Amino acid sequence: MLWINDTLALADWELSESFMRASGPGGQNVNKVSTAVELRFEAERSPHLPAPVKARLKRLAGRKWTLDGALVIQVDDTRSQARNREIARERLAEMIRAALVAPKRRIATKPTQGSQRRRVAAKVARGEVKSLRGRVEDDE
C-alpha cells in the first residue's frame, strides 16, 4: 500500500518493481548488484484515481507514460537498492499529488483604456522610426 495523502492510497497490485544494474555511482559494485529500480504504476486501470486526475497525470508524466497506460519511473541515483525504491515511490507520490490539484480557471479580462492607448502610441512611434529609414533625398 502506497499512501499519497490522507484519503488516497494505491493498492499493491497497481505497482510493480523490477531491478536492474545501474549506470551511475558504485565502482566495481555496479557491475555485480542490481540497484536500479523501475517502478511501474498501472495508472489507466487504477480504480482509485478519477478520470480528470488520470488526464492531468498523463500530461505531467510525458514520456514516462506508456502506450498501455502505465507510468514508469526509473531511479538509479544511489548505490542502495532500498533507497532507490524509496526515491521512486516518493517521486510517484509527488507526481500524483501534483495531478490531484485542479488548475484554477482563468478569468478573461479586458485591457484597460490606458494600456490600449499606450500600445497604439508605441506602434505609431515605431512606425515613425521605420518610415525614417528610407533613402535620404537631396534637397537642392
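The values are calculated or read from the model by the stated rules, or taken from the named source; none is laboratory data. Predicted model, so just to flag it, every value in this text is computed and none were measured. Please note: Cβ atoms are built from the backbone with ideal geometry, for glycine as well, and neighbour counts cover all protein chains shown.
Would you be able to tell me the number of residues in region 1-45 that are among the hydroxyl-bearing types (S, T, Y) and in contact with a Leu (Cβ under 9 Å, 6 or more places away or on another chain)? Steps first, please.
Quick first cut of region 1-45, residues among the hydroxyl-bearing types (S, T, Y) only: 7, 16, 18, 23, 34-35.
This time we only want the ones that are in contact with a Leu (Cβ under 9 Å, 6 or more places away or on another chain), so: 16, 18.
Going through region 1-45 one residue at a time, the tally reaches 2.
Let's see how each residue does on (1) surrounded by fewer than 14 Cβ atoms within 10 Å (Cβ to Cβ); (2) closer than 19 Å to L15 by Cα; (3) without any contact (Cβ under 8 Å) to a residue 12 or more places away in the chain:
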position: E38; (1), (2), (3): no, yes, no
position: T78; (1), (2), (3): no, no, no
position: I87; (1), (2), (3): no, yes, no
position: R91; (1), (2), (3): no, yes, no
position: M95; (1), (2), (3): no, yes, no
position: R105; (1), (2), (3): yes, no, yes
position: R117; (1), (2), (3): yes, no, yes
position: E128; (1), (2), (3): yes, no, yes
position: V136; (1), (2), (3): yes, no, yes
Given the condition in contact with a Pro (Cβ under 9 Å, 6 or more places away or on another chain) and either surrounded by 15 or more Cβ atoms within 10 Å (Cβ to Cβ) or in a strand (DSSP E or B) (or both), answer yes or no: does some residue in region 17-29 qualify?
no
Report whether or not E14 is surrounded by 15 or more Cβ atoms within 10 Å (Cβ to Cβ), among the charged types (D, E, K, R), at pLDDT 90 or above and in contact with a Ser or Thr (Cβ under 8 Å, 6 or more places away or on another chain).
no
Say whether the condition of being within 16 Å of the chain's Cα centre (by Cα), outside any helix (DSSP H, G or I) and over 22 Å from P103 (Cβ atoms) is met by at least one residue in region 42-52.
no
